[in-house]
1. Restricting to the range 51-66, give me the number of residues that are surrounded by 10 or more Cβ atoms within 10 Å (Cβ to Cβ), part of a helix (DSSP H, G or I) and either at pLDDT below 95 or charged (D, E, K, R) (or both).
2. Of the numbered conditions (1) more than 16 Å from the chain's Cα centre (by Cα); (2) under 20 Å from GLU19 (Cβ atoms); (3) assigned to a loop (DSSP other than H, G, I, E, B), LEU40 fails exactly one; give the number of that condition.
3. Give the residues of the range 1-26 that are of a type in the set (A, V, I, L, M, F, W, C), modelled with pLDDT of 95 or more and surrounded by fewer than 18 Cβ atoms within 10 Å (Cβ to Cβ), sorted by residue number.
4. Output the number of the condition that ALA83 fails; it satisfies all remaining conditions of (1) touching a Phe, Trp or Tyr at 6+ places or on another chain (Cβ under 7 Å); (2) not in a strand (DSSP E or B).
5. Any residue at all in the range 67-86 that's surrounded by 10 or more Cβ atoms within 10 Å (Cβ to Cβ), without any contact (Cβ under 8 Å) to a residue 12 or more places away in the chain and out of contact with any strand residue (DSSP E or B) (no Cβ under 8 Å at 6 or more places or on another chain)?
Amino acid sequence: MNADSLRGHMDALLLSVVEHEPLHGYAIIEALRERSGGALDVPTGTVYPALRRLERMGWLTSEWATEGGRKRRTYRLTDSGRAALAGERSAWNSFTTAIGSVLDPSR
């Protein structure tokens with residue numbers, strides 16, 4: 001999938017992936033790939049800066065954890081992140097409805 005297609009949607013995608021459990025960066029990338037059936041293969045150079053930005057915004061919190069002998073930063077959704085995700089989902093639904101109505105007027 002074209003990286004430009006994701007512009008403006010990365011926040012919602014990342015927040016959604018960590019909605020139910022804290023994950024480290026690589027697990028987030030893998031979850032995006034898996035949930036999208038391989039369509040989203042987002043590079044680390046895109047994901048990690050976005051995770052840090054979401055943390056600065058207060059939508060994510062992170063902590064260091066050791067998994068399999070490796071120290072990794074895991075990210076967890078905050079209450080304000082949950083509210084932001086709800087807003088992103090609502091906006092996405094409105095957007096897809098509007099675009100769908102234009103592209104397929106017989107709907």
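The values are calculated or read from the model by the stated rules, or taken from the named source; none is laboratory data. What you see is a predicted model, and the numbers here were worked out from it, not measured in a lab. Don't worry about glycine lacking a Cβ; one is built from the backbone with ideal geometry, like all the others, and counts go over all protein chains shown.
1. Summing the residues that are surrounded by 10 or more Cβ atoms within 10 Å (Cβ to Cβ), part of a helix (DSSP H, G or I) and either at pLDDT below 95 or charged (D, E, K, R) (or both) in the range 51-66 gives 3.
2. For LEU40, the failing item is (1).
3. ALA12
4. (1)
5. yes
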